[in-house]
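Working notes, beginning with the structure itself.
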Amino acid sequence: MKKTVFESPQHLGRAAAALFFKLYQKEVRRKGFFTAVLSGGSTPQVFFRVLAAEYRNNITWDRVHFFWGDERCVSPESPRSNFRAADKTLLSKINIPAGNVHRIKGELDPGEAARAYEGELTEFFGVKAGGGARGGTPSFDLVFLGIGEDGHTLSLFPGSSALRERQRLVVENYVERLGAWRVTMTLKLVNNASNVVFLVSGENKADVLREVLEGGPGRYPAQMIRPAKGELYLFADRSSAGRLLGT
Ligand code: 6PG
C-alpha cells in the first residue's frame, strides 16, 4: 500500500484530483476511455469540487464513465443519496453525457437494484465477451473508497454477509446497525481494479485507521481490500494519520 499523509483535507482532495487526471490521461491514451468508481461520505467532497473547478476544461468528459461503489436505498433526490452528493458538486458542473453516469438505482427494491447494476456493469465491460475484464470480472481503472469509524468500506460493514460473497459483483446488504438496506459492490469486484484509493480524513478516523493498518488482519472490512493485480493507495490527512505515519 502506498501511503501519503496530507497537511489538510484540501491538500488530500487536490491530490485525489491530480491522480484522477493522471490516470485519465493514461487510460484515454491506452484504450480511449476511463472508468472511475466514486464513494459516498463527506471526504470526497473536496476532490469533487477540485475536479469540477480546476479540471473541467482539461478533461474530455465523454471519455469518462462514473460508477458508484455503494448506494443507500433512497431516491436520487434524497440528501442521503451518494449519487446526489456527487451530482451536486461534480456532475452538474461538468459537461458529461447522461449515458456516462452509471448510478445505482437506490429507489428500486434493494435486490432488484443490485441485479440491475450488476447487469449494467456486465454489459458495459462486455464481461461475457471478455472486453475490459480481468479473469471474467470487470476491472475499473480507479476506485475511490472511504473508511467508516467502524472499519466499514463501501457498504460492507463488519459482520455483513456481503463480505463472504464470492460470485456476485454487486449485492444488496442489510445493515443491522443502521436498520437499513444498502446496495454495494463486492470484494471480488473491487479487488479486481487497477487502482484503489482510500480517502480518509478527520481526527475521528485516527483510531480505526491505526487498527486497519496495524491490527491483526481480517477484523475490518477495509482490511479486505487488496487489489489482486492493482495498486492500493491510502490518502490520509494529518489529523487522521499524522501520529500513526509519523508526519
Ligand atoms: C457510504 C460510503 C462509506 C463512506 C465511509 C466514509 O455510502 O456511507 O460509501 O463507505 O465512504 O463511511 O465516510 P466519510 O468520508 O463521511 O468519513
R166 passes all but one of (1) more than 11 Å from the chain's Cα centre (by Cα); (2) more than 10 Å from the ligand (Cβ to nearest atom); (3) touching a residue at least 24 places away in the same chain (Cβ under 8 Å); (4) assigned to a loop (DSSP other than H, G, I, E, B); which number fails?
(3)
In the range 170-188, how many are within 14 Å of the chain's Cα centre (by Cα), among the hydrophobic types (A, V, I, L, M, F, W, C) and not in a helix (DSSP H, G or I)?
3
For the range 207-247, which residues satisfy the criterion of being assigned to a helix (DSSP H, G or I), closer than 20 Å to A16 by Cβ and among the aliphatic types (A, V, I, L, M)?
V208, L209, V212, L213, A222, A241, L244, L245
Mind listing just one residue for me: the one in the range 108-151 that is assigned to a helix (DSSP H, G or I) and of a type in the set (V, I, T) and, of those, farthest from P44 (Cα to Cα)?
V127
Within the range 229-247, restricting to residues that are in contact (Cβ under 8 Å) with a residue 40 or more places away in the chain and among the hydrophobic types (A, V, I, L, M, F, W, C), the one that is surrounded by the most Cβ atoms within 10 Å (Cβ to Cβ) is A236
Within the range 174-192, how many residues turn out to be crowded, with 18+ Cβ neighbours inside 10 Å, touching a residue at least 40 places away in the same chain (Cβ under 8 Å) and within 15 Å of the ligand (Cβ to nearest atom)?
7
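Laboratory data are not the source of any read-out in this text; all were calculated from the coordinates shown. The shown structure was predicted, so the numbers you read here are calculated from the model rather than taken from an experiment. Here Cβ is always computed from backbone atoms with ideal geometry, including for glycine, and neighbour counts include all displayed protein chains.
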